[in-house]
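Notes follow the structure.
The values are calculated or read from the model by the stated rules, or taken from the named source; none is laboratory data. No experiment lies behind these values; they were computed from the predicted model shown. For neighbour counting, all protein chains shown are included, and Cβ atoms are generated from backbone atoms with ideal geometry for every residue, glycine included. To get the accessible areas, we keep the full protein, side chains included, count just its heavy atoms, and leave off ligands, DNA and RNA. Shrake-Rupley method; radii C 1.70, N 1.55, O 1.52, S 1.80 Å.
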Amino acid sequence: MSLPEEDLTCPICRDIFTDPVLLPCSHSFCRSCLKRCWEMGVRECPVCRKRASKAGPSTNLALRNVCEALVQARRSSVLEDEKMNCNLHGEKLKLFCLVDKQPICVVCQSSKLHKGHDCSPIEEALLDCKDELASALKNLQDKVDSLKRIHMTSADMLKYIKSQALDTQRLIKSHFEQLHQVLHEEESARIAVVKKEEEEKTAGLKDKFKELSAEVLSLTEIILVIQEQLKEEDMILLKNFKDTQDRERSLALGSDNMSGLLIDVTKHVCNLKYKVWEKMLDHIDYTPVTLDPNTAHPCLILSDDLTSLHYSKQYSCCPDNPERFHISAEVVGMAALGSGSHHWVVETGSNQDWLLGVASVSVPRDTEVSARPENGFWTLCFRDGEFRAMTSPPTPLTVTSAPEQVKVQLDYNKGMVSFFDPADDTLIYEFTQTFTETLLPYIYTQCSHPMRIMPEKVLVTMLRQ
């Protein structure tokens, strides 16, 4: 049972007790009020004038608790009134301004600040606002859940990046080892040719030395004979003249031409780097389209050189990144095709379930859509032994024999995607479309037999000015 408010009022200050104290005469006062009275006069009760003891008055705990509760209740009531009433006009907030998104009173509604604004009753607005907040809360919770999932997979992503880096470094080293081997073999072969020519030229020059030595010896002998004849008597000289002359004329001398004996340096080093590079082209393949492993569905297994793929029922360990196709076994190429003419040949072989062609860069990766032009796909399909152009609806195609290779040709500027049988360059089907987005080479398969993008021969053209 609550006490009357006058019983909770200090006789001195006429306000609710603050830190009340109790005198022996049973009268209560605020501690601060009683202290001021005693400082001004006799130490007695201000009401009944009974003398008080020298000891300090004791706190009236029960009365203090009741007074504090009353003060708190008053404050809560004031705050509640402030919440329910308009700060400007003091009227009860009965309306909700849908433009300014705040509660208002009827006076606010007719004021310049809210005049002409759509309003609704506070009860209706409360339900609508709760619904909106509940929807926003759900969206935020979904975002938090998504971020938590990303955070949980971040460790796996880091491991995958490390694995990617190691595998890529291994492949780079492997390719360069092959190139190093080709260069080493070419270097050894060319050095062997130089050494062989050195041996041949050295042997030839030695033979020439022998020939010259023999000729010098023969000439020396004839010179000695002629010198002796010149010392003889005149008649003897004349008698032996014919024999000496015949001997001198019968001496057959070799050629003294010394040209062509040196190493043909020009032959070995002229445009050496270019010739080696040109020869290396026999060991190098150029593939016009390279598959992007970061877009491949986990069931697609790509080759190390990223030019072939096949389907596997066992998922590969790869992160759930946004670029990856998550629903069906698809992959796109690295080359962004936004202008000009492009072509590539895909070896389908014995694969019995595939689609190939081009796709817009913005095609969805996390939902299943039909590979049709309205969805950003221009593809040729082979399934159940039948060819179809993936138009809307699909167009059945008749071919004399199923090609083991399909040539995809894109002329972006003319808006044409064509499919040919490269064996005889027969046109299988042609799409016409005005492209507005960048396109990517596209392949889908759900067959374990591999599909491969065929390499092209590299030709070297010299520009002469």
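In deg cm²/dmol, rounded to 500, what helix-only [θ] at 222 nm does the chain give when every DSSP H run of at least 4 residues adds -39500 (n - 2.57) and the total is split over its residues? Don't skip to the answer; put the middle values down first.
On the way: 7 runs with 179 residues, N = 465.
Computed mean residue ellipticity for the chain: -13500 deg cm²/dmol.
Obtain the radius of gyration and the Kirkwood radius of the chain from its C-alpha atoms and give Rg over Rh.
Details: Rg = 53.3 Å, Rh = 35.4 Å.
Ratio of gyration radius to Kirkwood radius: 1.51.
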Of the chymotrypsin sites (Phe, Trp or Tyr not before Pro) in region 296-376, those whose Cβ has at most 15 other Cβ within 10 Å and which sit in DSSP loop: Y315
So what's Rg/Rh here for region 93-156, counting alpha carbon atoms and using the Kirkwood radius for Rh? 1.34
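What accessible area per residue comes out for region 340-431, rounded to a whole number of Å², with a 1.4 Å probe?
Numbers: 4340 Å² over 92 residues.
Per-residue accessible area for region 340-431 comes out at 47 Å².
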So which lysines can K50 reach, going by Cα to Cα under 29 Å and dropping same-chain residues fewer than 8 places off? K35
Extension gain, L205 back to Q169 (0.36 nm per residue minus Cα-Cα distance, nm): 7.7 nm
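For region 24-110, what is one quarter of the convex hull surface built on the Cα atoms, given in nm²? Show your work: numbers first, answer last.
On the way: hull surface 37.0 nm².
So the mean shadow area of the Cα hull is 9.2 nm².
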Residue farthest toward the positive end of the dipole of the chain, with Cβ of Lys/Arg at +1 and Asp/Glu at -1: which of Q141, L183, C381? Q141
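How big is region 262-365 by the Kirkwood estimate over distinct Cα pairs, in Å? Intermediate values should be presented prior to the final figure.
Values: mean 1/r = 0.0587 Å⁻¹.
About 17.0 Å for region 262-365.
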Which lysines, on any chain, are close to K138 with Cα under 22 Å apart, when same-chain ones fewer than 8 places away are left out? K101, K130, K148
Distribution output for region 222-321: share of Cα-Cα pairs per 10 Å bin in percent, first bin at 0, values 11, 17, 10, 9, 9, 8, 8, 6, 6, 8, 6, 2
Percent of all Cα-Cα pairs per 10 Å bin for region 308-465, counting from 0 up to the last occupied bin, reads 10, 39, 36, 12, 3, 1
Taking all pairs of distinct Cα atoms, average 1/r, flip it, and tell me the Kirkwood hydrodynamic radius of region 323-413 in Å to one decimal place. 14.3
Cross-link candidates for K173: which lysines have Cα within less than 17 Å, leaving aside residues fewer than 8 places away along the same chain? K162
Work from the charge dipole of region 1-67 (Cβ charges, +1 for Lys and Arg, -1 for Asp and Glu, about the Cα centre) and give the residue of S32, C10, L63 farthest towards its positive end. S32
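Based on Cβ point charges of +1 for Lys and Arg and -1 for Asp and Glu, what charge dipole magnitude is obtained for region 1-150 about its Cα centre, in debye rounded to the nearest 20?
Values: 23 positive and 21 negative charges, 195 e Å.
Its charge dipole is roughly 940 debye.
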Based on Cα positions only, what radius of gyration and what Dmax would you give for region 135-202, in angstroms? 28.6, 95
If you average the alpha carbon positions of region 363-384 and of region 279-312, how far apart do those two centres end up, in angstrom? 21
Nearest 20 debye, what's the magnitude of the dipole of the chain about its Cα centre given +1 on Lys and Arg Cβ and -1 on Asp and Glu Cβ? 3780
Rounded to the nearest percent, how much of the accessible area of the chain (1.4 Å probe, protein heavy atoms only) is carbon and sulfur? 55
Which of S360, S188 is most accessible, then next, and so on - probe 1.4 Å: S188, S360
Heavy-atom SASA rank of R247, R43 (probe 1.4 Å, accessible area, largest first): R247, R43
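On average, how much accessible surface per residue is there in region 150-281, in Å², for a 1.4 Å probe, leaving out ligands, DNA and RNA?
Details: 10810 Å² over 132 residues.
Per-residue accessible area for region 150-281 comes out at 82 Å².
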Need one number: nm distance between label points at V182 and L158, each 7 Å from Cα along Cα→Cβ, rounded to one decimal. 4.0
What is the Cα convex hull volume of region 167-225 when expressed per residue in Å³? 40
Residues listed by number, region 356-396, amide nitrogen under 20 Å from A423 label point at 7 Å toward C-beta: 356, 380-389
What's the lysine pair count for region 190-287 at a Cα cut-off below 26 Å, pairs eight or more apart or interchain? 24
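How much net charge surrounds E248 when only the other residues with a Cβ under 12 Å from the Cβ of E248 are counted, with Lys and Arg +1 and Asp and Glu -1? Walk me through the intermediate numbers first.
Numbers: positive: K242, R247, R249; negative: E221, D243, D246.
Here the charged neighbours net out to 0.
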Quick one: compute the contact order of the chain, relative version, from alpha carbon pairs under 8 angstrom and 6+ residues apart, as a percent. 10
If you average the alpha carbon positions of region 118-166 and of region 22-68, how far apart do those two centres end up, in angstrom? 62
Give me the distance in nm between label points sitting 7 Å out from Cα along the Cα-to-Cβ direction at R75 and R190, one decimal. 9.5
Largest first, how would I327, I16 line up by accessible area (1.4 Å probe)? I327, I16
Cα convex hull volume per residue for region 170-291, in Å³, equals 113
